[in-house]
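Any read-out appearing in this document is the output of simple, stated calculations on the displayed coordinates, not a laboratory observation. Keep in mind the model is a prediction, meaning the values are calculated, not measured. Cβ placement follows ideal geometry from the backbone for every residue including glycine, while neighbour counts extend to all protein chains displayed.
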Amino acid sequence: MDNNINNNGKKIVLSGIQPSGDLNIGTYFGALKNWVKLQNDYINYFCIVDMHAITVRQDPSVLRRRTLEVAAGYIACGLDPEKCALFVQSHVPAHAQLAWVLNCYAMFGELSRMTQFKEKSEQHSDNINAGLFTYPVLQAADILIYNAHLVPVGADQKQHLELSRDIAVRFNSVYGDVFTVPEPYISKEKSAKICSLQEPAKKMSKSDKNVNATVLLFDKKDDIIKKFKRAVTDSDTAVRFAEGKDGVNNLMTIYSCATGKSYDEIEREFSGKGYGDFKLAVGEAVADALMPIQKKFGELMSDRTELEKILKDGAQRASRRADRTLAKVYKKIGFLQI
Ligand code: ATP
Ligand code: LTN
């Protein structure tokens with residue numbers, strides 16, 4: 001019997017988002033919305049991974065503000081602090097402690113193959129630091145320290161999840177069954193990859209410098225509509241999901257995420273209409289879907305004491321579990337216990 005499953009038969013879920021930029025509809029439709037769906041059926045740990053964020057330069061005061069905003073964003077999107085431990089990664093030191101140990105079980109060659117490392121190295125060629133290189137090891141520590149069974153992420157994180165599994169299996173093969181080998185949970189729906197509105201072959205990214213490429217969770221309705229109006233499409237005129245129509249495909253995906261309509265329904269709805277009508281409808285649907293989230297976010301941000309209390313409680317709950325795993329690992333590898 002798996003001793004990580006509690007009396008109600010519930011397994012463990014863990015995931016995280018970097019406070020590296022403002023939350024956008026990519027992180028919402030691609031990740032957060034799925035976390036909300038899972039929260040009743042699992043024991044949940046959701047963190048704000050501030051230690052990952054500093055692998056690229058951050059302004060300290062902006063990082064502090066964003067960390068709180070992402071926390072408020074989690075709750076505004078529907079995570080319930082009673083059902084989930086919501087916490088900041090740097091508040092639970094066991095993540096960094098386990099990461100050091102796991103560094104010694106992750107290979108230079110496998111880390112060199114990580115596409116996120118290669119992409120970020122190109123984007124930040126003046127700062128290819130060691131933290132950027134070992135980023136996936138800290139991610140493995142985030143996951144393995146809770147013995148998480150399931151890790152809900154967007155499609156871009158598949159490779160990091162495979163590495164976490166490899167590290168767990170490698171460690172277990174030396175020391176016995178210490179870690180649960182985690183499974184990725186990547187939505188089968190197209191929301192697993194929401195793309196940039198300006199370069200629709202690329203994923204919509206929090207750290208994109210082009211403001212028209214991303215729709216922020218807290219953008220005003222007028223701005224949302226403007227951004228969709230400017231979205232890159234193609235020289236065809238028909239709203240249909242097809243190869244070579246990345247821009248329109250992405251807009252159809254976003255519209256589908258916001259309204260629950262299928263691609264067939266969307267094609268029928270806009271048959272005979274042009275891209276102008278379609279873009280306006282997408283903008284309005286997204287603005288409507290975000291409205292309740294924005295309202296809740298405003299309320300949460302106006303009570304910082306309450307937000308800090310939630311994060312403190314989350315870190316305590318997380319630490320209790322994380323410290324147990326760390327103690328077991330230290331013992332297994334032969335660190336002196338006194
Ligand atoms: P950065 O641009 O700073 O690297 P990011 O925008 O990629 O950040 P993360 O914090 O790295 O965002 O990702 C948080 C979660 O959201 C991950 O599970 C990731 O897979 C998912 N995610 C992020 N962007 C998208 C997207 N455009 N489509 C689907 N899922 C996404
Ligand atoms: N690497 C992820 C963020 C992240 C994460 C995690 C996701 C850090 N630690 C643990 C799932 C589980 C990203 O770049 N999107």
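Based on the mean of other beta carbon atoms within 10 Å per residue, what is the order of 299-305, 313-319, most packed first?
Values: 299-305: 12.3, 313-319: 19.3.
Packing order, densest peptide first, comes out as 313-319, 299-305.
Quick one: 3J(HN,Hα) in Hz for segment 177-185, Karplus 6.51/-1.76/1.60 with θ = phi - 60°, rounded, Gly and Pro as x.
6, 8, 9, 6, 7, x, 9, x, 10
Return a whole-number percent for the relative contact order of segment 160-294, with Cα pairs under 8 Å and 6 or more residues apart as the contact set. Write out the running numbers ahead of the final one.
Working: 157 pairs, mean separation 29.4, N = 135.
That works out to 22 percent.
Give me Rg/Rg_expected for segment 196-338, where Rg uses Cα atoms only and Rg_expected = 2.2 N^0.38 Å with N residues. Could you put the intermediate results ahead of the total?
Working: Rg = 22.4 Å, N = 143, 2.2 N^0.38 = 14.5 Å.
Computed over Cα atoms of segment 196-338, the ratio equals 1.54.
Can you list the trypsin sites (Lys or Arg not before Pro) in segment 98-130 that are in a DSSP coil and have 16 or fewer other beta carbons within 10 angstrom?
Arg113
Relative to the compact globular guide of 2.2 N^0.38 Å, what is the alpha carbon radius of gyration of segment 1-125, as a ratio?
On the way: Rg = 16.3 Å, N = 125, 2.2 N^0.38 = 13.8 Å.
Normalised by 2.2 N^0.38 Å, the Cα Rg of segment 1-125 equals 1.18.
What residues have an amide H closer than 5 Å to that of Ile43, excluding those fewer than 5 places away on the same chain, when H is modeled at 1.01 Å from N in the peptide plane?
Under 5 Å from the amide H of Ile43: Lys11, Ile12, Val13.
Are there GluC sites (Glu not before Pro) in segment 216-289 that DSSP puts in a loop and that have at most 10 other Cβ atoms within 10 Å, and which ones? Could you put the intermediate results ahead of the total?
Values: sites: Glu243, Glu265, Glu267, Glu269, Glu284; in loops: Glu243.
Hits after loop and neighbour filter: Glu243.
Can you check what the Kirkwood hydrodynamic radius comes to for the chain, Cα pairs only, in Å to one decimal? Display every interim value, and only then the final one.
Working: mean 1/r = 0.0474 Å⁻¹.
So the Kirkwood estimate lands at 21.1 Å.
Taking only C-alpha pairs under 8 Å that are 6+ residues apart, what is the relative contact order of segment 227-275 in percent? Could you put the intermediate results ahead of the total?
Details: 41 pairs, mean separation 19.9, N = 49.
Relative contact order, segment 227-275: 41 percent.
Could you compute the FRET efficiency for Ala96 and Leu280, with r as their C-beta to C-beta distance and R0 at 51 Å, rounded to 0.05? Numbers along the way, then the final one.
Working: r = 48 Å, r/R0 = 0.93.
The calculated FRET efficiency here is 0.60.
Cross-link list Lys158/Lys245; Lys158/Lys331; Lys37/Lys83; Lys11/Lys83; Lys220/Lys309; Lys193/Lys221: which exceed 21 angstrom alpha carbon to alpha carbon?
Numbers: Lys158/Lys245 25 Å; Lys158/Lys331 31 Å; Lys37/Lys83 12 Å; Lys11/Lys83 13 Å; Lys220/Lys309 29 Å; Lys193/Lys221 23 Å.
From the list (Lys158/Lys245; Lys158/Lys331; Lys37/Lys83; Lys11/Lys83; Lys220/Lys309; Lys193/Lys221), the Cα-Cα distance tops 21 Å for Lys158/Lys245; Lys158/Lys331; Lys220/Lys309; Lys193/Lys221.
May I ask you to derive the FRET efficiency for Asn103 and Ile338 from their Cβ-Cβ distance with R0 = 30 Å, giving the value to the nearest 0.05? Intermediate results must be reported in sequence, preceding the final value.
On the way: r = 24 Å, r/R0 = 0.81.
Approximately 0.80, to the nearest 0.05.
For every helix of n ≥ 4 consecutive DSSP H residues, a contribution of -39,500 (n - 2.57) applies; sum these over the chain, divide by its total residues, and give [θ] at 222 nm rounded to the nearest 500 deg cm²/dmol.
Details: 13 runs with 171 residues, N = 338.
Result for the chain: -16000 deg cm²/dmol, rounded to the nearest 500.
Show me the trypsin sites (Lys or Arg not before Pro) within segment 38-76 that DSSP assigns to loop and that have at most 12 other Cβ atoms within 10 Å of their Cβ. The partial results should precede the final answer.
On the way: sites: Arg57, Arg64, Arg65, Arg66; in loops: Arg57.
Listed in order of number, the matching sites are Arg57.
Express in whole angstrom the spacing between the alpha-carbon centres of segment 22-71 and segment 242-319.
Spelled out, the Cα-based centre of one part sits 16 Å from the other.
Explain nothing, just the number: relative contact order of the chain, from Cα pairs under 8 Å at least 6 residues apart, as a whole percent.
Numbers: 509 pairs, mean separation 74.2, N = 338.
Averaging sequence separation for qualifying contacts and normalising by length gives 22 percent for the chain.
Where in segment 65-104 does the amide nitrogen come within less than 18 Å of the point 7 Å from the Cα of Asp41, taken along Cα to Cβ?
Within reach of a label on Asp41, which here means backbone N under 18 Å from a point 7 Å along Cα→Cβ, segment 65-104 contributes 79-80, 83-84.
Rounded, prolate or oblate for segment 64-177? Axes are the square roots of the Cα gyration tensor eigenvalues, ordered a ≥ b ≥ c, and the cut-off for rounded is a/c under 1.5.
Working: a/c = 1.83, a/b = 1.22, b/c = 1.51.
Since a/c reaches 1.5 but b/c is at least a/b, the shape of segment 64-177 is classed as oblate.
Each residue of segment 198-209 in turn: what ³J(HN,Hα) in whole Hz from Karplus with 6.51, -1.76, 1.60 and θ = phi - 60°, glycine and Pro shown as x?
9, 10, x, 8, 9, 5, 5, 10, 4, 9, 5, 7
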